[in-house]
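Asker: One structure coming up, written as structure tokens, with questions to follow.
The values are calculated or read from the model by the stated rules, or taken from the named source; none is laboratory data. Since the model is a prediction, treat every value here as computed from it, not as a measurement. Here Cβ is always computed from backbone atoms with ideal geometry, including for glycine, and neighbour counts include all displayed protein chains. Accessible surface areas use protein heavy atoms only, side chains included; no ligands, DNA or RNA. Shrake-Rupley method; radii C 1.70, N 1.55, O 1.52, S 1.80 Å.
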Amino acid sequence: MTSNSSRRTAGAAGNASAFFAPLAWAALYFALGFLSYKLNGAFVASGYLWLPAGVTVGALMLTRTERWGPLLALLFAAQLLLGGIAERELWRMALLAIDEIGVAAAAVWLVRRAPFPLEGLYFVRALLLVGVGASVASGFFGALWFSSTQNLPFWPTLRVWSSSDLVGILIVTPVLAGWSRFRAVRSGGIARTEFLLGLASFGGVLVTAYLAFGSEIDRVLFDINFATTYLPLFFVALVTILWGGRGGSLAVVALALIAFVYNSLGLGPFAELVRLHSSNALLELQVYLAVASLLSLLVSTLKTTREQLHEQAAQWRSDVELALTVSRQLVYCLDPVRGRLTWSGDVHGMLGVAESELGTLEQVLARVHPMDQARLRQRWLDDDSDDSRPAMAFRLLLPAGQVSQVTDMSRSMLDPDDTLAIVAGAWHFTTTDGAGERA
């Protein structure tokens, strides 16, 4: 009975999610579309920024393919509503919606045929494939339409349209992908020091972004124009290192909003380029923010990959330590030149002494029974790399006055000049005798 009730509850939750999730995506699409409309000033053939492109790609990447139908329909409706607010002909907006949303759906579907995780280099690769493919294809059809119906130049329209879609994808999709997998935890997470440093770095993004785009201080005091735009990129990288990919994506969003708001007001170095009629002025800010987003993505990817490697190494070491302890073994590596030994396994649990007390050859031999010391020294320091060398049993003196019977299994590695380079082996503990055996 309880099992049936649980299944019904889970099914109801799944149905509610399937119903409300497309509505939430459509609402976000409309909100960011309206924001883009305000920042761009008006709906034209192409604008500086089109954030809904990132919502479309993020929604499609995070939604199962069999649930795309309602999602695509609601995104299409949100685009028509935006067109109605802009007082554009609905049939034209419908064609543009089919172009934008349909091309993005095709690109995501093609990439998802090869499954990829939403993290690491796989996510960056998928995002770039979808972003570049969808933005270029959508820009091509859009520029073709406007050039044939409104006599707008094809290549400039394609260039700005594609870059505005690509920048929207690079800014918004990482935020959606990163925070969709967020789970609140009671403990762990970012350390206090890293959190405070990350908070200071995020403040640095805001301050330097204002300095670069909304203030004249840099031009008045230092007589520089574009140089201060590099400062926010530095702080974006710092935030990503300290807070991870989620924090880095938020820093990029904050930088993008500040830059576009001031740019729409005619302030900042990129707006000055527009006033000077620079041929590439429409692309300058887009390229700048694309570089900021890619910087955050790559730093986050390298950070995540390194953390995963450390976790895997720690897990591997833990497994090896457990296996050695259960089998009553210790593994060592001897540097005969420096006389130093490194150990793997529970040294303190097996021998009752700290690993640091067995760090040199002399310290180890001091724990060996006097009658076996010479044999073990010769075995380790002999220039013999014979793989058929048999195991050797000896007695080890423990701190509690006991004598442990140990079997040494080791091999030597020689340098090209036949001098001893390294000795690696394992100790297998068999029995422990009483104190009387020590005398």
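Asker: With the crude spin-label approximation of a point 7 Å out along Cα→Cβ, what separation in nm comes out for R340 versus H310?
Answerer: 2.2 nm
Asker: Just to verify a number: what accessible area does F34 come out at with the full protein assembly present, 1.4 Å probe, Å² rounded to tens?
Answerer: Its heavy atoms expose roughly 80 Å² to the probe.
Asker: What is the spin-label model distance, in nm, from R112 to V207 if the labels are put 7 Å beyond Cα along the C-beta direction?
Answerer: 4.4 nm
Asker: Length gain on complete extension for the stretch T65 to F234, per 0.36 nm per residue less the alpha carbon to alpha carbon distance? All intermediate terms of the calculation are to be shown ahead of the outcome.
Answerer: Numbers: separation 169, 0.36 × 169 = 60.84 nm, distance 3.82 nm.
Value of the extension gain: 57.0 nm.
Asker: Given a 1.4 Å probe and heavy atoms of the protein chains only, how would you sort F140, F146, F202, largest accessible area at the top? Each step should come with its number before you reach the end.
Answerer: Working: F140 90, F146 5, F202 45 Å².
These residues rank, largest area first, as F140, F202, F146.
Asker: Let me ask another. Taking 7 Å along the Cα-to-C-beta vector as the label spot, tell me the S327-S215 distance in nanometres, rounded to one decimal.
Answerer: Using points 7 Å along Cα→Cβ, the separation is 6.3 nm.
Asker: Estimate the FRET efficiency between F195 and L265 by the formula 1/(1 + (r/R0)^6), using the beta-carbon distance for r and 25 Å for R0, to the nearest 0.05. Intermediate results must be reported in sequence, preceding the final value.
Answerer: Values: r = 33 Å, r/R0 = 1.33.
FRET efficiency, F195 to L265: 0.15.
Asker: Here's something else I'd like to know. Of all the Cα-Cα pairs you can form in region 248-374, what percent are over 27 Å apart? Please list the in-between numbers first.
Answerer: Numbers: 4435 of 8001 pairs.
Here the long-distance tail beyond 27 Å is 55 percent of all Cα pairs in region 248-374.
Asker: Any idea what % of Cα-Cα pairs in region 304-377 are farther than 21 Å?
Answerer: It works out to 40 percent of all Cα pairs.
Asker: Tell me, what is the 1.4 Å probe accessible area of M93, in Å² to the nearest 10?
Answerer: Near enough 10 Å² of accessible area.
Asker: Taking the full set of protein chains and a 1.4 angstrom probe, give the accessible area of D417 in square angstrom, rounded to the nearest 10.
Answerer: 100 Å²
Asker: Just order 314-326, 361-373, 258-270 by mean Cβ neighbour count inside 10 Å, highest at the front, would you? Intermediate values should be presented prior to the final figure.
Answerer: On the way: 314-326: 12.0, 361-373: 15.2, 258-270: 19.5.
Top to bottom by mean Cβ count within 10 Å: 258-270, 361-373, 314-326.
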